[in-house]
Each structure stands twice: as C-alpha cells, then as structure tokens.
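The values are calculated or read from the model by the stated rules, or taken from the named source; none is laboratory data. As the structure is a computational prediction, the values presented were derived from the model and not from experiment. Every residue, glycine as well, gets a Cβ built from its backbone with ideal geometry; the counts of neighbours run over all protein chains shown.
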Amino acid sequence: MERTMLESLAQALDAIDPSLCDYGAWLRIGMGLHAEQAPFELWDAWSRRDVARYRQGECARKWAGFSPVAGGVTGATIFALARKAKRGPASDKMCNAFETKCTTGLPDTEGTPEAQLRTYLSALFRHDEFIGYVCDSRPVRFRDGTVKYRPASCGVTSSTAGDLMRRLASSSLEEAVGAYDARAGAWIRINPLDGKGARDANVSAFRHALVESDEGSAERQLSTIENLGLPVAAVVHSGGKSVHAVVKIDARTAEEYRTRVATLYDTCVKAGLAVDQQNRNPSRLSRLPGAKRGDRQQTLICVDGGCPSWDDWILSQNPVRKASRTSFPPIEQARHAVHDIPPLSPPLIEGVLRQGHKMLLAGPSKAGKSFALIELCMALSTGTAWLGASCARGRVLYVNLEVDRASCLHRMEEVRRANGFEDDALDGIDVWNLRGRSYAPHELIHALVERAAGNGYCAVVIDPLYKLLTGDENSAHDMADLCSLFDRASSALGAAIVCCHHHSKGSQGWKAAADRASGSGVLARDADALLDLLELDIPDEIRRMHGTGNREATAWRIESTLREFPAHPPLNVWFDHPLHRLDESGELAACLPKESLPPHYKGGRSTKARHERENETKAREVARVCEQLHAEKNGEPFMIGDLISRLGWSRNTVKKHLDAAEGWKRIELNENTTIVQKCG
C-alpha cells in the first residue's frame, strides 16, 4: 500500500469518533481498510478509542472473514464518513478519487482571467484543434420579470486553441476573445470542431460531456461531483448559482457518446445531482472561464480532477471488476496445499447445494417457481425436506422483487398452512420487500451485504432474477458481472445465493437444461446447482389417478445439473397450488414434456409418441380398475361388462387396453360372454 494512501486513511480515522458509530459503520470501516490493504492494526487501534464497546479479539475475527472487496466497500467509504463527521484533518481536500488543484480558484500568480482560460484550453484541447466560443448575447425576459441572457449567434468557430492561447499571452481576455456584455458573460464549446460550423455534425472529437445542475448550492454540486469521482477535465463556476463540470467521455462515435452520456447522467441523478438533461449534445456551450458575469467571475475551479479516464471511472463504479485486477490470491503449490485442505462447506440441501454456493431455479411461467422458493425457505427454517431432499436448519433472507408486500406475505402464509406447519415455521425467515424500487445490481448487492451482515443467514433467496437485470441478458459480459456480484455477496455473508429465472421463448423440451434459461448461458453455467422445470403432458386419466380436486394442477419434471454432487435422475412433481408434491406413485414417469421435440421434428413422430403414451396410460388405468373389481369379487373372475361400466369406454377400447394391461387376461366363454381373470 502506498504511504500517501495509508496516511490519508489514518487522517480520515482521526476525524471519526468510533463511539459515535453504529455497528454497521464500524464494520464498513474495517471492510474499507481491508479492501485498501491497510494493516489490521490501524482498525484495531482506532476501535480501541471506544473504550466502552471495544472487545479484545473481535476485530481480528471480523478481519479474518473479510473478502478482498467485502460488500463493495473501499477506502472511499471511510473518506465519506470522515467528511460527514466534519472534524479534524479529514476534509474535501483529502486524498480520495478527486484531487482538485484548489477549491477557491487558482493561486494569485495563475488566477488572472487570461491564465484561467489558458489553463482551461490546455486541459481540453490540442493546440491545433479548432474551438468554438461565443461573446454575442441577447436578453430574454420571463413572465416573472427576470431577465436571462442567451447566446445570440454560433460565435467563433475558425480559431484554434493555440491561436487563442497566443493572443492571451500578450493581451487581455476581452482583447483575445472579443468584446462581450459583462451582464451576460461568455461561452465556450466543450468539444473541438472542424472549423466549418458549430453544430453537432461539426464536432471533430466526442471527448467531453457537460454536467450542470440548477438545483442546490454550488458547494453541494461540487461535493457530489467530487464524491462520484467523475473524470473531469475542468470544473468552472458559472458566475451564477451552479458549477459546470466538463467530464472526459472519450467516445469513438456519436452513438457511443450518447450511450456514455446516458450512463453519466443516470449515475449523477442517482447520487442526487439533478443534471440539466438539455446538455446531452456534444456541441454544447459551457461558461468561458475568466469572463465577468454580472458582479461575479466565471471562475476555473480545477482541471484534471477525479478518475484519470472514463474507463477508470467505470471500473471504479464496479468494485468486483476493480478487485479482479488488484486483489488476486497467491499462487499455491499443489503438493504443499493438499497437506492442509480446508473442509468442504456443509450441505445446505442434501445432494444438491452446499453452504455459500449458488443455485438457479429455472422454468416457464406458471411453474410455481416463487412458491417453490418459499417452500425452500420454509424447509430451511424448519430443517425439513424440500422436494425430497433434506435441508439443514438455518435462517433465510427472502428478497422479494416482484410482488407487493401483501401478496408476498399471503403467499408465505398459504405455504405454511398447506404444509401443516405451526406459526414458528416462519421464525427463521426474514423478508425484504423491494417491489417498486429501482436499483442497479451493484447498489442492491451492496445494500444487501450491509443489511444482512452479522445476521447469520444460511441462504439469501432472490426472487426473481430478471428484476436485477439492468444490462443485456444476452450479453455474456453483463451476465458475468452479475454472477460476480452474487459471488461477492455469497463470500461476504457466507450464505448460499438462490435465484429463480424464466425460460426463453419457444419449445424447451428438446434443449439441454443449461440452455433453457433466458439470456446468456453464463447464468445457468455459473450456478453450482441448476434445477430446471419442464411441464409434462398429462392425460386426464393420470389426473384422475392423481386424485386431486384441483383441475388446474400441473405436472412437472425437474432436471438437475450439479457441480458438487453426483447427477440425480429427473424428479417428477405435481404443482397443486400452493405446493409442489413428489409423484410418489411413479405415474408421471412415462409422461413426456410438452413440446418435447424441436419444431422441425413435429408431426408424425410427435403424434406417434403421444399415441404410445396414451395407450400406456390407459393400460395402467385398466389394470387399476381390474384390481378394484378383483377385490370386490373376493378374487373371483368378473365379467368384462363390469369393467366397461366402471371405465365408461367402448367394448372394443376396453378389450384393446385389457390385452396390454400387465397381469390380466380376458377369456371368451362364448360369443356373448367374456370374463376377466388375473394371470398366474
């Protein structure tokens, strides 16, 4: 760790009184120090200042459990807490992501209007690039009587930055740029031009974007820009009530420029900076530093602040990707490592999922995926079985992103009652209802880790996954980032992460289980356990044999792809709202999934398979009714007419399926008399 960073962190801790911190803040400070590779002793020594709450060894135990970027917390969190404390040497000038050259204007030797504009030009443009600036203005009177000044022309577009800097070296600012109305000030375009005009089409490099807000004080705006670590080329006080931040975008095309500006503005708005949305175009005018505006000056505050580049700033917004570059574990020698092998994580769902691992439940709409996850939460809370697999008992957090709070709680109660559990079955389940709240994935995972840390959850269930997808679900890159966020949460909490996701459109039965979930295959392949549901095509006879009074009951086959355990045979279940129940009779084994063949195979083959399946089902139904009649007749043969009456089928249909029924035969005594007898 660099000495300057360590000193800055130590100064920040000097500004924070540990006795005024709650548990969460104390823990985040430890995480931040760990992420910046500061020595453990720094956190421990700072914690000792809270004599009343300090416990010997507690810091060491927490430190040992921190991941490289636990919860996405870094040194920036500590600096923010120090600024909030408003005491000691920790201030906005602290060594953080935004190091301004000064906060009240340039030093006296460099603070002249001419010097400010020269510095600004050097920071934004090459000497041979054409620039645009406007000195002409016109007053605009509003209904409330106020007057504002607007640019009256496209201004100068044929001067290079080098030409203007040479004029500024030997003359005043007004002589260099031309006369302007001091009531209005002057403007300059944020991007270089082609020297032929001032429209967006004349922009020669999509290098900068303008961030400006008319809400809040200039000090607050500057603080937000600083805290975000925006890669600013320059920040100018407008001479009015706002600051103008010229942010490094470095886009290669106009389309990329629009995309990056959208990302920039979205981040600013989420941070509380209400940016002016009209400033999105690349030929935008900003305030020309050094010019007078009323009784104030348009002042250059700083140049080259924040992150060095757009890419660095984007990286700073994703702690997982940042850590992947800076916090690699050591390379181990296998022969030595095997002598001290850590124990495997204990099973959470026997034969399916281990503690701290990830599971994805995938299936089409109406498969009851949410109810299956609630059933899992109940099984973990009570230590009972889920879909036939025994579960370890533990505390669970259920993150509901899809339905409203009332619906979520009603579902919980429905499942509890249907399972026959007492009220205490819900004691081990916490619910976090987030429907209607929009968060970027990294924000939600960060908040999740902060709120769930220390609660001892064995599993965090996120329902559903698509509500977290702000990127392109078909992009392997975006989905890999999301999976990395789940890794971070799992590592920080020591809990399994369980999600459900929908199938892609179209027929699914002919696909491999890992290819059915919608979007990039990264999602399904990243999970340590993938459980995939396919609906089965069930004849009415099997539905009657199932004995459910619910005509809407559906049958499903669950196929598993497991990383840590041997493969399981497919599991057949009934979804009889609100529970999934195992098919213990084996009646569903012969059923095929709906749309089990790809589109180009439809027709004869699928029809033949369906007929064969129906015949097998009817033969089993005949055998079942024969057993009933055999018992009623005390083991004696019975007339085929009794069988026909009981089944309600035609004589020929009954005879056909009786011949196929295992264990039974028909004996024709004469032309009109046929009896049924058990074989053997």
Out of the stretch 488-516, which residues are surrounded by fewer than 18 Cβ atoms within 10 Å (Cβ to Cβ) and at pLDDT 85 or above?
Gly494
So which residues in the stretch 140-153 are within 15 Å of Gly185 (Cα to Cα) and outside any strand (DSSP E or B)?
Ala152, Ser153
Quick test of your reading of the structure: Ala233 fulfils all but one of (1) touching a His at 6+ places or on another chain (Cβ under 8 Å); (2) over 15 Å from Cys307 (Cα atoms). Name the failing condition by number.
(2)
Search result, residues across the stretch 159-212 that are farther than 20 Å from Ser283 by Cβ and not hydrophobic (A, V, I, L, M, F, W, C)
Gly162, Arg166, Arg167, Ser170, Ser171, Ser172, Glu174, Glu175, Asp181, Arg183
Exception for Ile131 within (1) within 17 Å of Gly290 (Cα to Cα); (2) out of contact with any strand residue (DSSP E or B) (no Cβ under 8 Å at 6 or more places or on another chain) falls at (2)
Of Ala271, Ala245, the only residue that is without any contact (Cβ under 8 Å) to a residue 60 or more places away in the chain, touching a helix residue (DSSP H, G or I) at 6+ places or on another chain (Cβ under 9 Å) and under 27 Å from Ser137 (Cβ atoms) is Ala245
Given the condition among the aliphatic types (A, V, I, L, M) and in a strand (DSSP E or B), answer yes or no: does some residue in the stretch 641-653 qualify?
no
Regarding the stretch 132-152, can at least one residue be identified that is surrounded by 14 or more Cβ atoms within 10 Å (Cβ to Cβ) and touching a His at 6+ places or on another chain (Cβ under 9 Å)?
no
Filter the stretch 621-680 for residues that are on the phi > 0 side of the Ramachandran plot and small (Gly, Ala, Ser) and give the result.
Gly635, Gly648, Gly663, Gly680
Which residue is surrounded by the most Cβ atoms within 10 Å (Cβ to Cβ), if the candidates are limited to the stretch 280-311 and must be under 36 Å from the mean Cα position of the chain (by Cα) and of a type in the set (Ser, Thr, Tyr)?
Ser286
Is it the case that Leu173 is under 42 Å from the mean Cα position of the chain (by Cα) and in contact (Cβ under 8 Å) with a residue 24 or more places away in the chain?
no
Quick one: which strands (runs of 3 or more DSSP E) lie wholly within the stretch 177-249 and hold at least 2 residues that are assigned by TED's automatic domain parsing to the domain that holds Gly305 and of a type in the set (A, V, I, L, M)?
206-212, 232-237
Being farther than 21 Å from Ala489 by Cβ, surrounded by fewer than 20 Cβ atoms within 10 Å (Cβ to Cβ) and at pLDDT 85 or above, is that true of even one residue in the stretch 18-29?
yes
If I ask for residues that are aliphatic (A, V, I, L, M), over 20 Å from Glu559 (Cα atoms) and in a loop (DSSP other than H, G, I, E, B), which ones from the stretch 362-394 would you list?
Ala392
Can Asn634 be described as modelled with pLDDT under 90 and exposed (fewer than 12 other Cβ atoms within 10 Å of the Cβ)?
yes
For the stretch 404-502, list the helices (runs of 4 or more DSSP H) that sit wholly inside it and hold at least 3 residues that are more than 21 Å from Arg393 (Cβ to Cβ) and among the polar types (S, T, N, Q); which are they?
none
Expected output for the stretch 330-352 (first residue hydroxyl-bearing (Ser, Thr, Tyr), partner modelled with pLDDT of 80 or more and not in a loop (DSSP other than H, G, I, E, B), Cβ below 7 Å, 6+ apart or cross-chain) is Ser345/Arg354
